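Okay, so here's the structure we're looking at.
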Amino acid sequence: PASLAAALHTPTPRVALGRALAARGGVRAACDLSDGLARDLARMVPPPLGARVDVARLPMSDEARALAEALGLDPLQAALVGGEDYELLLLVPPGSVAAIEACARAEGVPLTDVGEVTATPGLVRSDGAPVGRGFEHFG
């Protein structure tokens, strides 16, 4: 679909949001989400910690869901391991989530809380399915 191709080929850099969040404080770690949520989240969460991703909260357009299904892919798994999202992935203390979301709204950028850091190593999906590894450039 055209909207997915446009998002891929002409992404909107989140520079203003990144600067606003840096000035505000409260973000523990941030990176661009380009190699897939699973890969980038695994890079951000320091061992021996892990993370749980609530798949019910993963943002996904109807177009992306339909494309994944047309390709015979599980849309949720595609959202976890697919890349080229060009969004920001943030680690935020639970008590700061609302303030960070308000900062993002002021910048006109939607943020979605999709999970939590856990004391158990590794990445897990809230529905118990495996997370996968994400995109590997030289894999």
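Below are the figures for this structure:
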item	result
Residue ID - farthest from residue 121 (Cα to Cα), chosen from residues in segment 22-47 that are part of a helix (DSSP H, G or I) and of a type in the set (A, V, I, L, M)	23
Residue check for residue 83: assigned to a loop (DSSP other than H, G, I, E, B) and in contact with a Gly (Cβ under 7 Å, 6 or more places away or on another chain)	yes
Which listed residue, of 63, 69, is free of Cβ contacts under 8 Å to residues at least 24 places away in the same chain, outside any loop (DSSP other than H, G, I, E, B) and among the acidic types (Asp, Glu)	69
Lone unmet requirement of (1) in contact (Cβ under 8 Å) with a residue 60 or more places away in the chain; (2) in a loop (DSSP other than H, G, I, E, B); (3) open to solvent by 40 Å² or more (accessible area, probe 1.4 Å); (4) not aromatic (Phe, Trp, Tyr) for residue 109	(3)
Any hit, segment 115-136, residues being under 17 Å from residue 31 (Cβ atoms), among the hydroxyl-bearing types (Ser, Thr, Tyr) and under 17 Å from the mean Cα position of the chain (by Cα)	no
Near pairs, Cβ below 9 angstrom, 6+ apart or cross-chain, from segment 80-102 (free of Cβ contacts under 8 Å to residues at least 24 places away in the same chain) to any residue that is open to solvent by 30 Å² or more (accessible area, probe 1.4 Å) and acidic (Asp, Glu)	94/116; 97/113; 101/113
Unmet criterion (only one of (1) loosely packed, with under 13 Cβ neighbours inside 10 Å; (2) of a type in the set (A, V, I, L, M); (3) under 16 Å from the mean Cα position of the chain (by Cα); (4) closer than 23 Å to residue 108 by Cβ) for residue 56	(4)
Selection status of residue 4, buried (at least 17 other Cβ atoms within 10 Å of the Cβ), assigned to a helix (DSSP H, G or I) and more than 15 Å from the chain's Cα centre (by Cα)	no
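Residues are listed down the side, and each one gets a yes or a no for (1) at pLDDT 90 or above; (2) aliphatic (A, V, I, L, M); (3) in contact with a helix residue (DSSP H, G or I) (Cβ under 9 Å, 6 or more places away or on another chain); (4) open to solvent by 60 Å² or more (accessible area, probe 1.4 Å):
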site	(1), (2), (3), (4)
63	yes, no, yes, yes
68	yes, yes, yes, no
73	yes, yes, yes, yes
89	yes, yes, yes, no
92	yes, yes, yes, no
100	yes, yes, yes, no
120	yes, no, no, yes
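The values are calculated or read from the model by the stated rules, or taken from the named source; none is laboratory data. Note that the structure is predicted; figures quoted are calculated from it, not measured. In this analysis, Cβ positions are derived from the backbone assuming ideal geometry, glycine residues included, and neighbour counts consider all displayed protein chains. Areas reflect the complete protein model, heavy atoms only, side chains present, ligands, DNA and RNA absent. Shrake-Rupley method; radii C 1.70, N 1.55, O 1.52, S 1.80 Å.
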